[in-house]
Structures are given as structure tokens and as C-alpha cells.
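Data block below; observations after.
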């Protein structure tokens with residue numbers, strides 16, 4: 001055999017199954033971990049097949065933030081003085097879904113998120129409980145609660161009362177995702193989940209229109225795995241598959257850094273190959289960590305026409321996804337001496353111009369005379385009054401850029417650190433059931449995490465913690481649903 | 001039976017074929033007409049199944065322009081003083097393809113377009129031969145050659161020597177597409193093509209992984225049609241399928257007017273259901289006919305932040321696709337008394353503000369004091385020197401907007417006439433062979449026109465005549481390829 005994701009295998013062509021399980025989970029990131037754990041606790045025999053040498057996937061590269069709110073707030077939100085209604089949370093999530101939010105998933109998650117968070121704690125995921133104010137990417141220490149999205153920023157703040165909802169695992173420094181995975185892996189193994197590593201899902205096996213198993217490549221051999229209750233795709237997105245990016249999201253090719261591990265789109269392809277419907281395949285998250293320090297939020301971004309294009313106090317990824325749409329190959333962050341500081345080395349920003357006057361800066365950048373001076377004059381005039389009538393940056397970030405020297409930092413998608421991952425994937429019900437082109441569920445097939453199109457589905461609507469939240473919560477639901485599915489012969 | 005595009009039918013389930021043909025063509029727009037004609041002339045038995053009561057499809061709603069150039073130019077280009085190299089033509093088409101132009105199709109079409117144009121004339125499609133200068137949408141009279149894209153506009157003009165390439169059928173007034181279809185229908189019938197109308201393709205029939213036929217619904221019955229050499233999908237795009245638009249191109253839902261007849265995406269779904277790969281499904285053409293009169297091109301478009309966003313002398317669809325990306329629900333065209341004229345009634349533009357000074361206009365529009373006055377002052381200063389350093393409108397369209405009264409016309413995607421159709425579809429080889437998810441052709445399946453993803457695949461790169469050019473040229477190639485395919489049992 002030489003199975004490929006695009007070619008489902010007919011069960012009739014398999015002489016004998018090499019392995020039997022109830023639920024075969026492909027991928028051991030947070031979606032796969034949560035799915036397997038719940039399926040096993042519901043009594044199913046579960047095997048996770050992970051293509052890499054161990055658990056983690058893109059989840060382990062993440063900051064370990066989970067986007068949680070609603071139901072009055074988590075105890076941690078409450079202890080730190082925040083409340084959060086389910087309605088505000090749902091409104092925010094709906095706005096974050098762009099033109100096509102998944103209202104069924106939003107309604108369910110908005111009302112269940114606090115319970116889900118407590119479940120994660122019950123698994124042993126630790127949270128210090130402290131609130132870290134300000135605009136940051138991930139805590140440098142081991143704090144818990146942060147503003148991790150655009151909650152306080154226009155237009156979100158006009159419709160949904162803001163609350164900080166990023167809940168970060170207690171772990172010093174960036175990259176707490178690894179710790180969450182380690183804990184969930186331990187729970188999954190305790191629950192009897194069997195884990196096969198260096199075991200790559202190659203193709204689904206179908207029988208009478210239902211998914212009955214999966215072909216796994218391990219140790220140079222292909223194994224036919226019978227999944228009596230279903231196969232659950234938790235294989236991640238497709239940011240590492242240049243050909244798929246070309247077909248669906250070619251704008252991402254302008255960015256320097258796909259953010260993932262394997263993320264080859266194989267789960268999406270396997271799903272499509274058995275009739276699954278992939279949606280919003282053009283959408284992707286992209287960011288460049290242009291703050292901290294948060295003083296930079298008091299600067300203004302301009303495009304190569306010298307125009308502002310966003311309220312700089314919204315989420316860094318929303319800024320950068322919008323930056324990518326601007327004409328030209330870079331954007332500039334303008335600062336004065338009062339706010340200037342170098343962004344993280346990681347960001348790869350370039351000091352493009354410095355001058356004693358804005359006229360000097362505009363001339364160094366090659367802008368027409370008057371372009372920046374006029375733009376800044378208008379911005380400063382409004383900022384002095386605490387107003388930003390066009391772009392609506394909140395008053396606390398408004399301060400005239402009036403203290404020389406002045407500087408322009410260049411952010412260049414192809415050269416700075418612009419990291420991206422895909423948001424399009426298989427359309428699923430809240431239970432993880434994969435929908436066919438017809439809109440009906442495909443028997444025996446489930447998807448969760450970025451192999452599915454979930455809560456995060458619009459590049460300009462992302463918030464840190466949203467993908468882990470979606471992957472863990474709907475991963476659990478998918479695992480439960482698969483475990484309860486009728487056993488196939 | 002109740003066949004649906006999403007569910008292929010197994011040949012084994014068909015007791016007896018109701019009809020036999022070599023090539024079954026679904027859809028009788030220009031792609032289907034050209035495909036059927038060439039297949040019949042190559043000796044195949046051909047049947048066209050058209051869901052509507054007669055031929056036409058979206059092609060018949062079009063202006064009847066074909067985008068042609070290269071090879072030194074058509075005789076009509078030459079007679080009117082234009083030459084056009086294949087290299088310039090190919091460069092323009094590649095720029096028009098956005099981040100993922102189909103270089104194989106471009107190379108072929110750029111070198112064969114003149115021959116293709118002469119073939120159309122040989123079928124009887126008449127061209128007066130005259131050149132109509134200026135910026136227009138479609139000739140009001142029966143002229144032939146027009147500037148129908150962004151050839152003379154930045155950035156295209158910086159890389160490809162411009163030539164007018166829109167070749168319009170001789171037909172008085174708009175809507176010449178109907179005439180082309182009538183002529184091609186006559187030729188197809190003469191060549192022996194059998195035409196079935198009110199006959200809708202419902203599902204493909206597959207046998208051993210190859211497409212062997214199609215289920216047709218006609219007169220309330222479902223007929224199983226055996227297509228011994230293949231099925232050719234020429235069913236158009238999906239702008240009339242709100243559910244598919246939601247899944248793939250939800251931004252289009254902000255526009256008032258889908259432009260099509262049936263265009264329900266059924267061909268794309270049928271192709272996907274047998275494993276076909278659909279690409280660039282988020283891309284769509286959109287326009288609002290904001291000129292003529294061409295004097296308006298001397299105006300400037302601004303968004304709701306009071307910012308210009310495009311060189312107004314590029315193609316009207318490129319302007320409006322970019323307009324749709326601007327923040328807010330409308331854009332404004334600013335004019336002075338010297339250039340003002342009402343656009344076509346059809347455009348549905350709204351006179352949003354009039355004033356004796358730009359300050360008055362900006363105040364009526366609710367902009368901050370100084371926004372328009374400053375922007376216009378800078379524009380006028382440059383325009384007086386024949387320069388547009390930021391947006392690069394060509395000197396011939398630059399004229400200070402200095403003669404009162406001044407006006408702002410509002411263009412509102414949801415209320416003005418913003419018509420759109422989809423550009424994403426099945427990925428095909430130049431021969432029309434539909435590619436599977438794996439990238440290999442699917443035996444027995446061809447697609448052309450907007451059921452495929454062809455030369456036009458980027459909303460900001462469209463030119464009038466590009467879709468008819470692509471549909472007719474690659475329709476012909478697909479018809480020839482299907483006719484030569486080995487006969488299935």
C-alpha cells in the first residue's frame with residue numbers, strides 16, 4: 001500500500017485489520033488530548049496516533065492561554081474585580097467571527113466556558129490566579145489573567161462590555177502550552193488512552209459511506225486500524241503545506257513564518273476526500289509581536305501612503321492582519337521620544353527613520369512633503385483632547401507625539417517575524433461531527449482543533465487563547481460524541 | 001431517485017442508461033457552447049444539458065467582450081494603431097492573477113488568443129473593427145475595441161506595455177453577450193450537438209473512480225445519461241448559492257446584486273463530490289458602474305476615514321473590490337464643478353454632500369474639520385504638477401478639484417448597484433481536466449467557465465472580457481480533450 005490522505009481506502013480491500021480500537025484520534029495537540037481523554041472516560045477504547053515523536057503539536061508552541069469568560073466570570077476574573085456576562089462574552093465571540101460566526105458553537109461555549117475552565121483545573125492545569133494588567137503578548141512570569149484580545153478596543157467595546165479573558169497556565173515565561181499538554185497527556189494515559197507516536201494518519205478507511213478506520217504509517221509499515229466508533233481528526237491546520245496555502249490563502253505566502261509543527265493539512269484533506277466540506281479556507285491568523293513595551297501602543301501605525309489604518313490598541317494580530325492588506329510591502333509605527341522603546345528582538349522590526357522633526361522623518365521615508373507632518377498634526381490635536389474620532393483608539397492610549405527625536409519602525413511581513421496559522425477547515429457541528437458537502441454529518445468522522453473551522457475563523461477577529469479554547473472545549477465534545485456513537489461491525 | 005450534486009451515483013446502481021452520448025456538457029453559456037462545438041467537430045456525439053429554458057447563462061448577461069491580445073496584436077488592434085506583444089499580454093495576465101496566477105493557462109492563452117479571436121469570427125461573431133477611446137464600461141453603439149481593464153493604470157503599466165484588449169461583438173448597446181451565444185448555439189446545432197433544455201444536471205455517475213455519466217432531471221423525471229467520453233461541467237459559479245457564499249466568500253454578502261442566472265455552484269459541488277479540488281473559493285468580482293462619464297475619473301475616491309485608497313483610473317471593478325475592503329459601509333467620490341456629472345442611474349450612487357468649499361462638504365459628511373480640505377489641498381498641489389506620487393493616477397486624469405461647487409457621491413455596497421460573481425472553482429489543467437485533491441486528473445471529468453478557477457481568479461485583477469475569454473478558449477480545449485478521451489464501456 002501507499003496510502004495518501006486524498007485517497008480513502010475501501011474497507012473491502014483490507015484483508016484483516018492490524019489493530020482494533022473504538023475511537024482513533026489523529027494528532028496529540030490539545031484537541032486530540034481532550035478528545036481522547038473524554039472518549040476514554042466515557043468508556044471507549046481510545047488510541048491516539050501522533051505523527052511526531054511525542055505529544056504537543058502547535059498547542060505546545062502556544063502561550064498556554066485559554067480564552068474564557070461568561071457566566072458571571074471565572075473565580076479568577078471575579079477575584080480580580082471583573083465580572084463577565086454570558087451575553088457579553090457571546091457578543092464578543094460573534095463579532096470575532098467576522099461575516100460568518102458559528103452561532104451554535106458560540107452559544108454553547110459562551111455558557112459553558114467557565115465550567116470548561118474548571119474542568120481543566122480539575123485535570124491539574126494550575127493557575128496562579130493573579131491578574132497582570134496592561135497590553136502584553138504573554139506573561140513573562142507565571143501570572144494568570146491578561147487582556148488577550150480586542151475587548152477594550154473599538155468596535156468590540158461598543159457592543160460587548162469588556163473583561164480580560166486570557167487565562168494563562170502557571171508557568172514562568174512564554175510557551176506555557178507545553179505544560180498544559182503534559183498534564184493532559186498524563187490524564188489521558190491514566191484514563192487508559194493508548195498512545196502511538198511516530199504514527200502518521202495516512203488515509204481514512206470507508207465502508208458503506210461511513211468512516212470505519214484509518215491507515216496509519218508507523219515504523220515504515222502501513223497498519224489498517226479499525227475504529228469501531230469513529231475517527232477523530234485533530235491534526236491541525238495547513239500552514240506548513242505550501243501547496244494548500246497557494247490554493248486557498250495565498251496572501252499568507254507574503255509572511256515570513258508559518259507557526260506550527262506538522263500542520264500539513266492532511267486531516268482536512270482526509271476529511272474532504274470522504275466528502276467533507278471545508279470552509280473559510282482563506283482565513284488565517286497572523287501577527288508580529290510589535291508590543292511590548294506597551295508604550296508603543298501610544299504610537300500610530302501608517303501604511304506606505306502615510307495613512308493610519310487601525311486603532312492601535314486592538315489585538316496585535318488584528319493590527320497585523322490589517323497591516324498585511326495595506327498597499328506596499330511594509331507598515332511603519334511612528335513614535336516620539338516619550339514613548340519610544342525597541343520592541344522585542346524577536347519582532348524583527350527595523351528602525352527605518354529618525355529625525356528631529358516629523359518633516360525629517362517623512363523625508364527619510366520618502367513620503368511627500370507634508371504627509372506625516374499633517375497627519376501627525378491632526379492626530380496630536382485630537383490626542384491632546386483625548387479624542388481619536390476616525391480610528392477610535394481609547395483615550396488612555398492617546399498622547400501627542402510631540403517630543404523629539406521622532407522615529408519610524410518598519411514592520412515588513414516578509415522579513416520581520418510575521419507568524420501565521422490557518423483558520424479554515426472542516427465544517428463541524430458542536431459535537432465535532434464533520435459535515436459533508438450536503439450539510440449532513442458523515443458517519444464515523446469527527447474533527448476538532450484547526451483541522452476544523454471553529455470559533456476562530458476570521459483573521460481580524462482573533463484573540464490569544466481562542467484556538468486553545470476552541471480546540472480543548474470542542475475536542476472534549478467530539479471525544480464524548482465519538483465514544484457514544486454506535487459500534488460498527 | 002432524488003439525486004443531488006453532493007452525492008455521486010454509482011454506475012452499478014443504474015439498471016439501464018436512459019440516454020447515451022460521448023460527451024455530456026452541463027450548461028449552455030459560452031463555455032458549454034464552445035466546448036460542445038469543438039467536441040462535436042472532433043467527431044464526438046455531444047449533448048448539452050441546460051437547466052434553464054434556453055442557452056445563455058451569465059454569458060448572455062455580459063457585454064459580449066472578449067479579452068484578446070498578444071502575437072503582435074489582433075488585426076483590429078493593429079488597424080487602430082496598437083501593437084501587443086505576447087510577453088506584455090502574459091505579464092498583464094500574470095499580474096491580474098494575484099498571488100497565484102495559473103502560469104500554464106496564461107502562457108497558452110497569451111500566445112493563442114489572436115488565433116482564438118479569429119476562430120470566433122470564423123464562427124460568425126461579427127466585429128465592426130472600430131476603436132472607441134476613453135474609459136467606458138461597454139460601448140453604447142456597436143464599436144469593437146475598448147480599454148476594458150487596468151492596462152494603462154498603475155501598477156500594471158509599469159510592467160506591461162498597455163494595449164486595449166476588450167473586443168466587443170458588433171451589437172448596439174450593452175449586453176452583446178446574448179448575440180455571441182446565439183451565433184455559437186447555431187454553429188453547435190449545425191455541428192450536430194444535441195441540446196436539451198430545462199434539463200438540470202443533478203449528480204455525476206461514477207464507475208471505478210472515473211466519471212461515466214450524469215443524472216439529469218427533465219420533465220420531472222431523472223434520466224441516467226451515459227457519457228462515454230466524459231462529462232464537462234460548464235455550469236457557472238456560485239453567486240446565487242447563499243449558503244456557498246457564506247462558506248467561502250462571506251464578504252460578498254455585503255453587496256447588493258449577485259450577477260448570474262442559475263449559478264448555484266452545482267457543478268463545483270458535483271466536482272468536489274467526486275474528489276475534485278476547489279481553489280480560491282473566496283475570490284469574487286464586484287463592481288459598481290461609477291463611470292461613465294469619464295470625467296468622474298478625475299475625481300478622487302475616499303473612504304470613511306477621508307483617505308484615498310486607489311488610483312481611480314484603474315478598472316472600475318478593481319476600484320470597487322478595493323472599496324469593499326475599506327472600513328465602514330460606503331465610499332465617496334469627490335468632484336468639483338468642472339468634472340461633476342451624474343453617473344448612470346443604474347449605479348445607484350447617492351449625492352451625499354454639496355458645498356461651496358471642501359470645508360462645507362467635509363462638515364456635511366461628518367468628517368473632522370480639515371480632513372478633506374487638507375487631503376484635497378495636497379491632491380490639488382500635486383495634480384497641478386501632473387503628479388500623483390502616492391496612488392499613481394496617470395497624468396491625463398489629474399486636474400485640481402478647485403472649481404466650486406464641490407460634491408461627494410456615496411457608493412454603498414448594500415444599496416448601490418454592486419454586482420458580483422464568484423471566481424473560485426474547480427482546479428483544472430489547460431485541457432479542462434479536473435484535478436483531484438491529490439493533483440491528479442479525474443478520469444472522465446472536465447470543467448470550464450466559472451465552474452473552474454481560470455484566468456480570472458483575483459477580484460482586484462479582473463478586466464472586462466476576461467471571463468468570456470477564459471470560458472470560450474478553455475471551453476474549446478476542454479471540448480477537444482473530452483472528444484479525444486478513450487471511450488468507456
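We did not get these values from a lab; they are worked out from the coordinates using the rules stated. Just so we're clear, the structure is a prediction, and the values are computed from it rather than from any experiment. Cβ atoms come from the backbone with ideal geometry, glycine included; neighbour counts cover every protein chain shown.
Here are a few things to note about the model shown:
- One equal scatterer on each Cα of the range B:358-417, no solvent, Debye formula: the resulting log10 I(q)/I(0) at q = 0.23, 0.27 Å⁻¹ is -0.99, -1.07.
- Helical mean residue ellipticity (222 nm; -39500 (n - 2.57) per DSSP H run of 4+; nearest 500) of chain B: -8000 deg cm²/dmol
- Euclidean distance of C-alpha centroids, the range A:190-218 and the range B:85-107, integer Å: 43 Å
- Shape category assigned to the range A:188-326 from the gyration tensor of Cα positions, a/c cut at 1.5: prolate
- Globularity ratio of chain A, using Cα Rg and 2.2 N^0.38 Å: 1.02
- Distances, shortest first, from the label point of residue B:414 to those at the same position in the other copies read 3.8 nm; the point lies 7 Å along Cα to C-beta.
- Angle in degrees between helix A:103-122 and the longest Cα principal axis of chain A, rounded to the nearest 10: 80 degrees
- Here is how far apart the residue A:158 label points are across copies: 3.5 nm, shortest first, using a point 7 Å from Cα toward Cβ.
- Gyration tensor verdict on the protein assembly as shown (Cα atoms; rounded if a/c is under 1.5, prolate if a/b is larger than b/c, oblate otherwise): oblate
- Inter-part distance where the range A:393-420 and the range A:120-174 are each reduced to a Cα centre, Å: 23 Å
- Likely footprinting exposure, B:148, B:59, B:13, B:198, fewest C-beta neighbours within 10 Å first: B:13, B:198, B:148, B:59
- Once the Cα atoms are used to define both axes, helix A:316-325 deviates from the longest principal axis of chain A by about 80 degrees.
- Sorting the Cα pairs of the range A:131-235 by distance into bins of 10 Å, from 0 upward, gives 12, 25, 21, 19, 20, 2 percent per bin.
- Exposure proxy ranking, count of Cβ atoms within 10 Å, fewest first, for A:316, A:280: A:316, A:280
- 7 Å along Cα→Cβ, label-point gaps from residue B:140 to other copies, nm, shortest first: 6.9
- Antiparallel %, DSSP beta bridges [both residues in chain A], to 5: 65 percent
- Value of Rg to Rh for the range B:65-168, rounded to two decimals, is 0.95; Kirkwood radius and Rg both from alpha-carbon coordinates.
- Residues A:396, B:128, B:393 arranged by fewest to most Cβ contacts within 10 Å: A:396, B:128, B:393
- The overall shape of the range B:406-489, judged from the alpha-carbon gyration tensor, is prolate: a/c is not under 1.5, and a/b is greater than b/c.
- Bridges between two residues of the protein assembly as shown, per DSSP, are antiparallel at a rate of about 65%.
- Taking every alpha-carbon pair under 8 Å whose residues sit at least 6 apart, chain B reaches a relative contact order of 23 percent.
- Size estimate for the range B:289-411 follows the Kirkwood approach: the inverse of mean 1/r over distinct Cα pairs works out to 14.2 Å.
- Between the range A:288-365 and the range B:1-76, the alpha-carbon center distance in angstrom: 52 Å
- Angle of helix A:86-96 to the longest C-alpha principal axis of chain A, folded into 0 to 90 degrees and rounded to 10: 80°.
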